[in-house]
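The structure under discussion appears below in the form of structure tokens.
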Amino acid sequence: MGVEKLGVMTSGGDSPGMNAAIRAVVHTAAQYEIQCFGIRLGYKGLIEGDVLELETKDVRNILHRGGTFLKTARSDKFRTFEGRKKAYENIQKYKMEGLIIIGGDGSFTGAKVFGSEYDIPIIGIPGTIDNDIYGTDFTVGYDTALNTVVNVIDKIVDTATSHNRLFFIEVMGRDSGFIALNSGIATGALDILIPEKDYTLDKLFSSVERGSNQGKSSRIIVVAEGKKLGRVYALAKATQIKFPYYDIRVSILGHVQRGGNPSCYDRVLASRFGVEAVEALLHGKREVLIGIRSGKIIFTTFEEAIQKQKEINKDIIKILDVISV
Ligand code: F6P
């Protein structure tokens, strides 16, 4: 199948490596003599017709930069039939024959609906720091965010140790614990609270107690954000009541986790995904998400990727149980 024009956009929360993915799409399109359009601000820009032509000269010097130079947004309008109709009118206006969307599961849910209503082949590239997308071992941005988190927690460990303080550190991840689990293991946390593992306050208290008995120097509890766990301040407060003689502090890492130059791993992953996404369109693929499994590129339908829950690695949870205290 010939593709003469395609569109690329970033959507949802930004993640380091999105620029590298856009760059790879633009270069691959140029290689196959496909005209490439960048859509600013995700679905919002598609609805509003915020479209620009992208040539290889336009993506110089962005490979190493965090964020997304196309900008991104979460669009409520795209959830409406009217919004999607406008979006399709712009696809027709620019005669796009394929769309590459770099984003998270919300973006692919939108893509699935759009692809079922209108005749436009769509390929998804998983880009989110949360690593919570079924159909890929790794999402673009996760490795960088993880390294940022480890770096910051190391610094908190320095001050925690100097003051003999216990820190509750909340990390991002929406409803999944990939960042919390892996960063907690990497920084020797006393305990790690993630949505995928049941916890009770008693279990938390015994981790704190054992850590103290064993003279653990890094008094860190890593807490994944998310509805199931309750706020980190409530946990810290309950622990303070149980152990009044402890000096407890809370640190919420926040959006620092989303920024920064992408790691080598994310740059390479994003570049691979970008090239494969264009080639997938050329091979007639549609409504699929690109992923990586055991180092190999794989494709999963949007339907499956949305329906299925990505499981956290149970072996790593076991490591937590064995070595955290
Ligand atoms: O999905 C990425 C993410 O950073 C989540 O980890 C977090 O829950 C959410 O986005 C924060 O969203 P916002 O930037 O809109 O506050």
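The values are calculated or read from the model by the stated rules, or taken from the named source; none is laboratory data. Everything numeric here is computed off the predicted structure, so don't read it as measured data. Note: ideal-geometry Cβ built from the backbone for every residue, glycine included; neighbour counts use all protein chains shown. When the accessible area is computed, the model is the full protein with side chains, heavy atoms only, and any ligands, DNA or RNA have been set aside. Shrake-Rupley method; radii C 1.70, N 1.55, O 1.52, S 1.80 Å.
On the beta carbon distance between R210 and S162, with R0 = 22 Å, the FRET formula returns roughly 0.50. Between the range 269-306 and the range 153-188, how far is it from one alpha carbon centroid to the other, in angstrom? Cα centres, the range 269-306 to the range 153-188: 33 Å. Residue ranking by accessible heavy-atom surface, 1.4 Å probe, largest first, among S75, S206 comes out as S206, S75.
Annotation: Y142 carries an accessible surface of approximately 10 Å², with a 1.4 Å probe and no ligand, DNA or RNA atoms counted. Length gained on full extension, K5 to V256, computed as 0.36 nm times the residue gap minus the Cα-Cα distance: 86.7 nm.
For the chain, DSSP calls about 25 percent of its internal beta bridges antiparallel.
Considering only DSSP states other than H, G, I, E and B, which GluC sites (Glu not before Pro) in the range 25-127 qualify as loop sites with at most 10 other Cβ atoms within 10 Å? Those that pass, being in a loop and sparsely packed, are E33.
Other residues within the sphere of radius under 14 Å centred on the Cβ of V150, judged by their own Cβ, net out at -2 (K and R +1, D and E -1). Across the protein chains, with a 1.4 Å probe defining accessible surface, the residues K310, K112 rank K112, K310 from largest area downward. Taking GluC sites (Glu not before Pro) across the range 261-313, the ones in a DSSP loop with at most 10 further Cβ atoms lying within 10 angstrom of their Cβ are E311. Apolar share of the accessible surface for the chain: 49 percent from carbon plus sulfur atoms, 1.4 Å probe.
Using heavy atoms of the protein chains and a probe of 1.4 Å, the accessible area assigned to F138 is about 80 Å². Every helix of 4 or more DSSP H residues in the chain counts as -39500 (n - 2.57), and over all residues that averages to -13000 deg cm²/dmol at 222 nm.
With R₀ set to 30 Å, the beta-carbon distance separating E33 from F81 gives a calculated FRET efficiency near 0.30. Which of the helices in the chain meet the span-like rule: DSSP H, Cα axial reach of 30 Å or more, Kyte-Doolittle mean at least 0.0? Helix filter hits for the chain: 142-163. Per residue, the range 145-257 exposes 46 Å² of accessible surface when a 1.4 Å probe is rolled over the protein heavy atoms with every protein chain present.
Tell me, how many Å apart are the Cα centres for the range 15-62 and for the range 79-143? The range 15-62 and the range 79-143 have Cα centres spaced 14 Å from each other. Let me check I've understood the local charge: for L63, count other residues with C-beta under 11 angstrom from its C-beta, Lys and Arg +1, Asp and Glu -1. What total comes out? That works out to +3.
Each Lys or Arg adds one and each Asp or Glu subtracts one; over the other residues with Cβ under 13 Å from the Cβ of G13, this totals -1.
Taking square-rooted eigenvalues a ≥ b ≥ c of the alpha carbon gyration tensor, is the chain rounded, prolate or oblate, where a/c under 1.5 means rounded and, failing that, a/b exceeding b/c means prolate? Prolate is the answer for the chain, as a/c is 1.5 or above and a/b outweighs b/c.
Apply the a/c threshold of 1.5 to the C-alpha gyration tensor of the range 145-257 and tell me whether it is rounded, prolate or oblate. In terms of gyration-tensor shape, oblate.
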